[in-house]
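Asker: Take this structure first; my questions come after.
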Amino acid sequence: MTAPRIEIHLDRIQHNATILVDRLRGLGISVTGVTKATSGSPEVAAVLVAAGVTSIGESRIENVERLRRSGLSSHVTLIRSPMLSQVGRVVANADVSMNTEPTVIDALSGAAVAQERRHGVILMVELGDLREGILPADLAAVARRTVTLPGLELVGIGTNLACLSGVVPDSANMSRLSSLADALTLDLGRELAVVSGGNSANLDWAHGSAGVGRIDDLRLGESILLGREPLRRDPIDGLRLDAFTLVGEVIEAKAKDRRPTGTVAQAAFGSAPDSGPNAGPDAAGGTGPGTGTRVIVALGHQDVDPDGLTAPSGMTILGAGSDHLVLDSGTHTPPAGSELRFQVDYRALLRAMTSPFVDQVLVGPASGPTLASGTPRRRRPGRYHRMPAAMGLRLEG
Ligand SMILES: *Cc1c(COP(=O)(O)O)cnc(C)c1O
């Protein structure tokens with residue numbers, strides 16, 4: 001099997017999604033399952049749907065189109081504001097989009113009329129994180145205008161916190177969203193189907209004791225895929241943290257000085273790497289004072305964000321360039337040709353899933369055939385394998 005590759009444990013993703021869907025259902029909250037960190041993986045979307053998410057959330061129209069080409073017929077929400085230049089593709093492929101700009105909403109209406117479709121609009125409200133959102137004072141006017149436009153349906157409102165500025169979803173900003181929803185319902189004389197309170201950073205708030213008000217939907221990506229809440233990156237009770245593993249191959253293993261020789265300036269990616277935990281002439285361990293076993297794995301910035309990797313236990317990542325990941329391998333010396341396995345955080349996952357150099361290997365789902373039963377199938381030449389049989393989804397290529 002080729003390296004680098006990312007192993008995607010569909011059964012673990014489904015497990016995480018099922019638990020979160022069930023927990024939130026008890027609070028009257030549905031889940032929009034966000035696949036953007038997987039570049040709109042149809043197989044990941046399928047297990048999210050099987051777990052009970054009510055919509056698939058994607059940030060890029062290309063990924064939505066990939067999902068549609070794979071045969072996904074589920075409800076899809078475009079969670080990034082559509083580009084004005086892409087409204088036709090948005091109406092053709094997404095059921096709902098999240099919006100903040102009246103000119104874009106007008107264009108969506110035009111595209112919906114032209115395509116004889118109805119397109120749902122969720123208006124995003126700015127509640128302190130200072131990324132996307134209509135100012136609360138302008139919300140009613142934009143909503144009143146949206147409901148008059150042909151081809152569109154005002155599905156609801158939403159907000160997004162904790163993304164740009166790290167603003168924590170709490171009872172104050174969530175009550176504000178509920179009040180805005182109540183006021184809009186009165187103003188328009190109609191119910192809002194969706195009040196989308198936020199992302200994985202909202203889970204602590206949702207499970208707090210204060211009640212969830214009018215919020216009836218959360219858009220969850222990281223918590224489902226990596227099993228952690230994003231405010232402190234704490235593990236979420238009962239969830240798998242190991243749905244994704246990045247595997248790289250060792251291309252060099254040698255005892256070398258722990259400290260570089262010569263005058264030191266900037267390295268290829270900024271400051272030179274730390275010389276490791278035992279750096280220095282008196283360091284013990286390794287093969288002798290001042291030396292340590294360094295291994296090079298054929299992985300770099302072109303494959304993954306090296307800062308988002310967790311090394312195998314007993315090893316330390318010293319640094320990375322575009323193509324080389326250098327580790328202090330401690331007391332263990334994995335030879336050239338052996339493989340090392342790394343856990344990924346959200347940044348590392350995103351980069352690995354978008355790199356053309358990283359093969360994707362699907363494992364699971366729980367209910368499907370096991371790993372040994374299928375021949376690997378390639379999706380794109382050289383980068384996509386599937387271990388078990390397809391789950392009723394048509395694979396491209
Ligand atoms: C990425 C994103 C999400 C999902 O965020 P997670 O922290 O991965 O749960 C939800 N909503 C919007 C608007 C996003 O951009």
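The values are calculated or read from the model by the stated rules, or taken from the named source; none is laboratory data. Since this is a predicted model, take the numbers as computed values, not measurements. Positions of Cβ are backbone-derived with ideal geometry, glycine not excepted, and every protein chain shown enters the neighbour counts. When the accessible area is computed, the model is the full protein with side chains, heavy atoms only, and any ligands, DNA or RNA have been set aside. Shrake-Rupley method; radii C 1.70, N 1.55, O 1.52, S 1.80 Å.
Asker: With respect to the numbered conditions (1) more than 16 Å from the ligand (Cβ to nearest atom); (2) open to solvent by 20 Å² or more (accessible area, probe 1.4 Å); (3) more than 16 Å from L325 (Cβ to Cβ), which one is the sole condition not fulfilled by I236?
Answerer: I236 satisfies every listed condition except (1).
Asker: Identify the single condition in (1) over 23 Å from the mean Cα position of the chain (by Cα); (2) more than 16 Å from the ligand (Cβ to nearest atom); (3) open to solvent by 30 Å² or more (accessible area, probe 1.4 Å) that E101 does not satisfy, given that it satisfies every other one.
Answerer: E101 satisfies every listed condition except (2).
Asker: Whether any residue in region 107-130 is within 15 Å of the ligand (Cβ to nearest atom), part of a loop (DSSP other than H, G, I, E, B) and open to solvent by 30 Å² or more (accessible area, probe 1.4 Å) is what I want to check.
Answerer: yes
Asker: Among the strands (runs of 3 or more DSSP E) confined wholly to region 272-378, which include 1 or more residues that are open to solvent by 20 Å² or more (accessible area, probe 1.4 Å) and either modelled with pLDDT of 95 or more or within 30 Å of H15 (Cβ to Cβ) (or both)?
Answerer: Counting at least 1 such residues, we get 291-297, 316-320, 325-328, 339-344.
Asker: When you scan region 9-18, how many residues do you find that are open to solvent by 40 Å² or more (accessible area, probe 1.4 Å) and in contact (Cβ under 8 Å) with a residue 40 or more places away in the chain?
Answerer: Qualifying residue count for the region: 4.
Asker: Do we have D217 as buried (at least 21 other Cβ atoms within 10 Å of the Cβ) and charged (D, E, K, R) here?
Answerer: So D217 fits the description; yes.
Asker: To continue, here is another question. Identify the residue in region 24-34 that is open to solvent by less than 10 Å² (accessible area, probe 1.4 Å) and away from the ligand (no atom under 11 Å from the Cβ) and, among all such residues, is nearest to V121 (Cα to Cα).
Answerer: I29
Asker: What residue, among those in region 35-50 that are under 20 Å from S196 (Cβ atoms) and open to solvent by less than 10 Å² (accessible area, probe 1.4 Å), is farthest from the ligand (Cβ to nearest atom)?
Answerer: Top of the filtered list is A45.
Asker: Please go through region 179-203 and give me each residue that is crowded, with 20+ Cβ neighbours inside 10 Å and not in a loop (DSSP other than H, G, I, E, B), ordered by number.
Answerer: Answer for region 179-203, where residues must be crowded, with 20+ Cβ neighbours inside 10 Å and not in a loop (DSSP other than H, G, I, E, B): L180, A181, L184, V194, V195, S196, S200, A201, N202, L203.
Asker: Would you check if there is a residue in region 66-83 being assigned to a helix (DSSP H, G or I), open to solvent by 30 Å² or more (accessible area, probe 1.4 Å), among the hydroxyl-bearing types (S, T, Y) and within 26 Å of A143 (Cα to Cα)?
Answerer: No, the conditions are met nowhere in region 66-83.
Asker: Just checking, how many residues over region 201-236 are closer than 19 Å to D182 by Cβ and touching an Asp or Glu at 6+ places or on another chain (Cβ under 7 Å)?
Answerer: Number of matching residues: 2.
Asker: Also: Among the listed residues L161, L154, which satisfies the condition of being crowded, with 23+ Cβ neighbours inside 10 Å, outside any helix (DSSP H, G or I) and in contact with a helix residue (DSSP H, G or I) (Cβ under 6 Å, 6 or more places away or on another chain)?
Answerer: Just one listed residue meets the conditions, L154.
Asker: Just to check your reading of the model, which residue among N199, N173 is within 13 Å of the ligand (Cβ to nearest atom) and polar (S, T, N, Q)?
Answerer: Just one listed residue meets the conditions, N199.
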